[in-house]
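Report on the structure given below.
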Amino acid sequence: MNRNEFIRRSALAAVGTWLIPDFVKAYERDQLNTFRTNNKVLVIIQFSGGNDGLNTLIPYRNDIYYRERPRLAIPETKVLKLTDELALHPALEKLRSWYDQGYFRFLNNVGYPNPDRSHFRSMDIWHTASDASEYRQTGWIGRYLDAQCSGTCQPYQALEIDDQLSLSMKGERVKGLAVSDPKRLYQQTKNPFYQELARANHEEYANVDYLYKTLAETLSSSAYIHAKTDVTSTTAAYPTHELGRRLKTVADFIRSGVDSNVYYVSHGSFDTHVNQQPKQDQLLKQYAEALDVFMNDLKTQHKLDEVLVLTFSEFGRRVKQNASNGTDHGTANCVFLAGGNLSLDRQYQAIPDLSDLDQGDLKYKVDFRDLYATLLDHWLGIDSAAVLGKPFPGLKLA
């Protein structure tokens, strides 16, 4: 098959039913190696849309909280008390026992200087670990892949359980792989054209290197994931909603021994400008029940101490409720850590200071990049400065 025929057939494939689907975002290199610094796994859950942290981790003894949210505040009689001042939203009841066991932890007042209240820009900042005035084209997990093994990692070493790959997973030389259904991916890549392409000498197609590599790595990654996950599947009863299905997929990957250090999952939207209570209640309940099953599944696999779950949102909401029984875009927020044996100092659990606001918004006290630095240095085992572009002091460990 010559170069012109390759291009012609690739173009036909792009409009046919055998197209490698949009949910595949794989990028090939000539030589690929696998390299892991340890057996630790990081699972990231993104609360898309800006979750209201004040109604998630509730300062239930603060009069200002109830004054500013006369219809939206969670009554003290309904909250799940964690400390003398902070409590969980009642929809998170399934996570209370994990908190009591030390496997569900929180950080408060997390943000960054000069916060941006745009969903897209704020999420880009979190994805790229950039300053608010800095625009980067690569994400912090993608750069982790670049640095982890000199840019020759397999893309499935960072897997996003979704139809599209987020900016956080895109490096300069390596990008993660987005896949929502491993079996469907494998079936669709069984097209004879792609099989022929996989057997071909790709040096013949040097002028179409990117296209070849993208297709070829999709095949190899699909075959690898299928071979791993086709052997065994969890028997745990995961919820049937989207987050439950996605965390079940992550659990199957972990159980099957897929060589991935990072998994990325999104949940939401939490953009609750209007009638916030029922929407947030539902989303937080889904999160709690899915994470509860996931952690019990990991415990059964004897992997609970090897997996750390980070849950974040691009920003919190304003302290004062709006006229539509909702909340508008804010700044600093709470972050959750679950599983794992990485414990941070309790100073990061301080209640928000509702008497000292920045134009109605919470002031951050913990830079999210210090959290990233801690995860990179102490969990994933790689020099955080090489990933974040400059040194951050990190957070004090307990």
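The values are calculated or read from the model by the stated rules, or taken from the named source; none is laboratory data. Just so it is clear, the model here is predicted, and its values are computed rather than measured. As a convention, Cβ positions derive from the backbone with ideal geometry for all residues, glycine included, and neighbour counts pool all protein chains shown. Side chains are part of the model used for accessible areas, which takes the heavy atoms of the whole protein and leaves out ligands, DNA and RNA. Shrake-Rupley method; radii C 1.70, N 1.55, O 1.52, S 1.80 Å.
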* Determine which member of the set Glu76, Glu85, Glu28, Glu68 is modelled with pLDDT under 95 and acidic (Asp, Glu). => Glu28
* Answer yes or no as to whether Lys279 is more than 16 Å from the chain's Cα centre (by Cα) and closer than 23 Å to Leu88 by Cβ. => yes
* Can you run down the residue pairs with Cβ atoms below 6 Å, 6 or more apart or on separate chains, where the first is in the stretch 279-291 and within 14 Å of Tyr238 (Cβ to Cβ) and the partner is assigned to a helix (DSSP H, G or I) and open to solvent by 50 Å² or more (accessible area, probe 1.4 Å)? => Ala288/Lys94; Glu289/Lys94
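Out of everything in the stretch 149-167 that is in a helix (DSSP H, G or I) and touching a strand residue (DSSP E or B) at 6+ places or on another chain (Cβ under 9 Å), what residue ends up being nearest to Asn39 (Cα to Cα)?
Looking only at the stretch 149-167, we keep the residues that are in a helix (DSSP H, G or I), and these are 155-157, 167.
Still in the running and touching a strand residue (DSSP E or B) at 6+ places or on another chain (Cβ under 9 Å): 155-157.
Numbers: Pro155: 17, Tyr156: 15, Gln157: 12 Å.
Within the stretch 149-167, the match that is nearest to Asn39 (Cα to Cα) is Gln157.
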* To do: Would you be able to tell me the number of residues in the stretch 345-398 that are part of a helix (DSSP H, G or I), of a type in the set (Val, Ile, Thr) and farther than 20 Å from Ser313 by Cβ?
  => 1
* Among the residues listed as Leu284, Leu342, Leu291, the single one being part of a helix (DSSP H, G or I) and farther than 19 Å from Leu86 by Cα -> Leu291
* Asked: Counting just the residues of the stretch 45-78 that are surrounded by fewer than 19 Cβ atoms within 10 Å (Cβ to Cβ) and either within 28 Å of the chain's Cα centre (by Cα) or among the β-branched types (Val, Ile, Thr) (or both), which one comes out farthest from Leu354 (Cα to Cα)?
  -> Ser48
* Keeping to the stretch 119-135, report how many residues are in contact (Cβ under 8 Å) with a residue 12 or more places away in the chain, open to solvent by 20 Å² or more (accessible area, probe 1.4 Å) and either part of a loop (DSSP other than H, G, I, E, B) or out of contact with any helix residue (DSSP H, G or I) (no Cβ under 9 Å at 6 or more places or on another chain) (or both). => 4
* **Enumeration of residues in the stretch 101-125 that are small (Gly, Ala, Ser) and closer than 19 Å to Thr311 by Cβ** => Gly102, Gly111, Ser122
* Asked: How many residues are surrounded by fewer than 16 Cβ atoms within 10 Å (Cβ to Cβ) and within 28 Å of Gly50 (Cβ to Cβ) when one looks only at the stretch 246-272?
  -> 1
* **Matching residues in the stretch 359-387 - criterion: being open to solvent by less than 20 Å² (accessible area, probe 1.4 Å), under 19 Å from Gln157 (Cβ atoms) and small (Gly, Ala, Ser)** => Ser384
